[in-house]
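Since the structure comes first, as structure tokens, the remarks are kept for the end.
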Amino acid sequence: MKNKLHKYAEFDLDAVFERFYETMLSNEDFSGFFKDQAQIRSLITRQKRFLLESIPMTEDEIKSRYIALGEMHYQIKVPYADYMAGMNILEKGLIQAVVLRNEPSEMLETTFHFFKMIRAYTAKGYLNKLLEADIEDIDHYLTHVQRASEMDTLLATERVIWLKNVIFAIKIENRAAAPALHMPIEISNMIEAATKDDPVLTRYATEMAGRMELNARNVFYFLEKGSYEEVLPLYRELMSIYKLTLMLTNVVTIASTHQLMQSLSKDTLTGLLSRHSLISILSRELSIATAGQYPLAFIMLDIDHFKQVNDSFGHGAGDQVLAKVAKTGAGLIRATDYAFRLGGEEFLLVLKGASFNIATAQAEIIRQQVENLQFEFDDRQHRVTVSLGVVVFSPPFTLTYDQMLDAVDKKLYAAKADGRNRVAS
């Protein structure tokens, strides 16, 4: 069924588009985007042809045509707001033409309806491309996080996964395909645990999560009505809040880690955290891991035959070995993980969210890197090796701190008993 725009074919649209051209020239916001008047004139000519070609089309054909136009404008980076402002000018010109010709009110309604379709379907085109780009960005983020650190920023990752599912439901315009729009209790618990020392951050994080939920609900409300011009700004705001959520998570991680590090004593030789700080850190991290339902991996390592280094080359040589091994081990874990010197030649690494396979592989990498280190004592090159034990603890954490350390110490002992320079897990 054809639309009611056929009467436009009887109009002299040259005058309408000429006024459109003059308005474009006089508006610095529009004219500033073009190189010269010839480029503006070319645009006006194309828009006139586009409108005339749309007149004999059905509404479904117009929908397809303007969705494609919106997608093209997104790709060539035409601002949606500026395009809509131009459409407002053109609509005003056509309404004036209708009034001057004393057309019946039905023609005015047809004009309003036509431009409503233009706005909605062009917005739908922009939205299509935004959804594609955002899904691609989210997939890249998730792949990067999981590959680089296996759920390093778990709170942000959970929100990103939730958002990706919402975006997919928006893309297929199916509310039933979306996840629950309210904030899941596990994410709420994670926010509370991660920000428990700062009530302002807790309130801010919870507020942003609520705003994401509200915006998602509003998006689906207007989506069901086909009001894409209303959906687009709401969706953009939803994505802005999502980006703020990622920033907040980083701020929480950085701020809490910085605050924690300031209060901790460090081992003066290696620069690692000392054994005195172990209990306070484990207490905090076990609480957060319990709320977030992710594991903690313990890697305990000991320098093989370290006493021989001290006895043969002196304590200065031993200190050099300790410092270099500590630097190597700490340099192979993430900034959000922890490296402790427990005493003597024994070290402990705590990896947040690492699975058994990841932790074991990381321990093997450390073993190989230490084995490749070179030390010069008495004008000769020397090497050292380490033995490592690995245990991964998952919530609920029922063991005491001493029992956890004892469990990983037994794995370390097994590595030494099996010949040293190896990983036991």
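Can you give the extra length, in nm with one decimal, that the chain gains between Ser26 and His305 once fully stretched, where that is 0.36 nm per residue apart less the Cα-Cα distance?
92.1 nm
Which whole-angstrom value gives the distance between the alpha carbon centres of the range 331-406 and the range 266-281?
That distance is 14 Å.
Based only on other Cβ atoms within 10 Å, what is the fewest-to-most ordering of Arg422, Arg101?
The most exposed by this proxy come first: Arg101, Arg422.
Gain in length, Glu136 to Arg236, computed as 0.36 nm per residue apart minus the alpha-carbon separation, to one decimal in nm?
Gain on stretching Glu136 to Arg236: 34.4 nm.
Compute the FRET efficiency between Lys416 and Ile161 as 1/(1 + (r/R0)^6), taking r as their Cβ-Cβ distance and R0 = 35 Å, and round to the nearest 0.05.
Details: r = 42 Å, r/R0 = 1.19.
Result of the calculation: an efficiency of 0.25.
For the pairs Lys124/Lys352; Lys92/Lys225; Lys48/Lys164, note any where the Cα-Cα span goes beyond 32 Å.
Check vs 32 Å cut-off fails for Lys124/Lys352; Lys48/Lys164.
Give the calculated FRET efficiency between Ala323 and Thr398 to the nearest 0.05, with a Förster radius of 45 Å applied to their Cβ-Cβ distance. Mind dumping the intermediate values first?
Details: r = 37 Å, r/R0 = 0.81.
It comes out at approximately 0.75.
Calculate the spin-label point distance for Thr290 paired with Thr58, positioning each point 7 Å from the Cα along the beta-carbon direction, and give it in nanometres.
6.3
Please work out how much length the chain gains when fully extended from Ala176 to His382, using 0.36 nm per residue of separation minus the C-alpha to C-alpha distance, in nm with one decimal.
In short, 67.6 nm is gained.
For the range 351-383, which trypsin sites (Lys or Arg not before Pro) pass both filters: DSSP loop (anything but H, G, I, E, B) and at most 15 other C-beta atoms within 10 Å?
Within the range 351-383, the qualifying trypsin sites (Lys or Arg not before Pro) (loop, at most 15 other Cβ atoms within 10 Å) are Arg383.
So how far apart, in nm, are the two label points at Asp36 and His315 if each is 7 Å from Cα heading toward Cβ?
8.3
Read-outs: derived from the displayed coordinates by stated rules, not from any lab. Small disclaimer: the values here were computed from a predicted structure and weren't measured. Heads up, the Cβs are rebuilt from the backbone with ideal geometry, glycines too, and the neighbour counts pull from every protein chain shown.
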